[in-house]
């Protein structure tokens, strides 16, 4: 493979990894909220969280641009306070990846946390553990398969992100051009289809392995729950 | 230590528990048919359920006083609860299960080694709960409840799943611990022999009310 292809692969890995890292704490918090709490407006919040699943990714990218652009209501503050620019930057691509893959992560974590027996959490409380301590030492370890599955699925989804990424980060070779953007760019050339074969195969393998691992983890978590 | 419970708890299903008692006995047994509210009562004392109105005290310590808006969190009540089901943490080995409470309530009392020896857990320490028999799991759960150096011990059917050969020895050990560390205990049991042997006070419940004391 060419250096351009390796650069796109490496950047995709970096963007997806950072995207998962960004969304993981929020994914755990929202997953727990959905699994354990009943509150007014829960259905609305669930709809908002799941929106990226059904919205056209370009539209998600547009909304991100409006919010996180240099003049956006969040982006302007990020730049003023932390000097952080997301537009036309790989960090913007990571944000797009995090947002688009977030519903998959939340779904896996919510299912995993819901299957943890609340009686075990009660037992931990009687043994002196605070609610946070109980969550960290009992709930989260018991839901670990679902959490890992959520991360792997989100990672796989992030690798394939195109529409939202191109809207906020553009397609700058070596800087924001991830695998799908690289392939799209190559297809504009005369030998595009032949020239993209190796990177296409490579990304199919990565996605398949990630998906397989994610599904396996999810099943392992589910089967462990039914046996306990 | 005097333990007192005056309270009411109304479940969504319509079941109403309305109980008032006070005891300074070392071991108080709570008896009654299934569904009479014994386990609900223990859950209210442990803070796992919130009473509709109540005043629950253990000595000077107020667990709940709804009139004054006091409701102490379960982890701060410093009590040991042996549940009917063992509720062992499946991801932790036996040793870590027992140490879970010891780490959080370091004010020594019960000695780990002695606890493990008496309950014959030496060979089980490095195993996971899933690989244990029902009796073994129950012994570990008992060890874990006692390891928390409780100021009040709640035992919900403590000897049900324990093998006959061990039952007498474990009962003796629990009695000794209760005496040695002066732990007031509320014991829910259907086993009349155990109740007669351990308890000095007996409360009989039926349909959420105390019918005899």
Query raised in the report: Which of the residues belonging to segment A:132-143 are closer than 21 Å to residue B:80 by Cα and either crowded, with 19+ Cβ neighbours inside 10 Å or facing another protein chain (nearest Cβ under 8 Å) (or both)?
Result: A:133, A:134, A:135, A:137, A:138, A:139
Report summary line: In segment B:187-209, residues that are part of a helix (DSSP H, G or I), crowded, with 17+ Cβ neighbours inside 10 Å and out of contact with any helix residue (DSSP H, G or I) (no Cβ under 8 Å at 6 or more places or on another chain) total 1
Query raised in the report: Hey, residue B:152 hits all of (1) closer than 25 Å to residue B:95 by Cβ; (2) within 14 Å of chain A (Cβ to nearest Cβ); (3) in contact with a helix residue (DSSP H, G or I) (Cβ under 9 Å, 6 or more places away or on another chain) but one; which does it fall short on?
Result: (1)
Query raised in the report: Within segment A:187-202, how many residues are at pLDDT 85 or above and touching a helix residue (DSSP H, G or I) at 6+ places or on another chain (Cβ under 9 Å)?
Result: 5
Query raised in the report: Taking the stated definitions as given, is residue A:92 under 14 Å from residue A:32 (Cβ atoms), away from chain B (no Cβ under 13 Å) and surrounded by 23 or more Cβ atoms within 10 Å (Cβ to Cβ)?
Result: no
Report task. State whether the residues of segment B:119-139 include one that is buried (at least 21 other Cβ atoms within 10 Å of the Cβ) and out of contact with any helix residue (DSSP H, G or I) (no Cβ under 8 Å at 6 or more places or on another chain). Result -> yes
Report task. Please report, ordered by residue number, the strands (runs of 3 or more DSSP E) entirely within segment B:1-46 with at least 3 residues that are without any contact (Cβ under 8 Å) to a residue 60 or more places away in the chain and under 17 Å from residue B:65 (Cα atoms). Result -> B:3-10
Report summary line: Listed by range, strands (runs of 3 or more DSSP E) wholly within segment B:48-149 having at least 1 residues that are at the interface with chain A (Cβ under 10 Å from one of its Cβ atoms) are B:79-82
Report summary line: Only one of (1) more than 10 Å from chain A (Cβ to nearest Cβ); (2) touching a helix residue (DSSP H, G or I) at 6+ places or on another chain (Cβ under 6 Å); (3) modelled with pLDDT under 90 does not apply to residue B:29, and that is (3)
Query - Selection status of residue B:24, within 24 Å of residue B:181 (Cα to Cα) and touching a helix residue (DSSP H, G or I) at 6+ places or on another chain (Cβ under 8 Å) - result: no
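The values are calculated or read from the model by the stated rules, or taken from the named source; none is laboratory data. Keep in mind that this is a model prediction, so the values were computed, not measured. Here the Cβ is made from the backbone with ideal geometry for all residues, glycine too, and neighbour counts use every protein chain on show.
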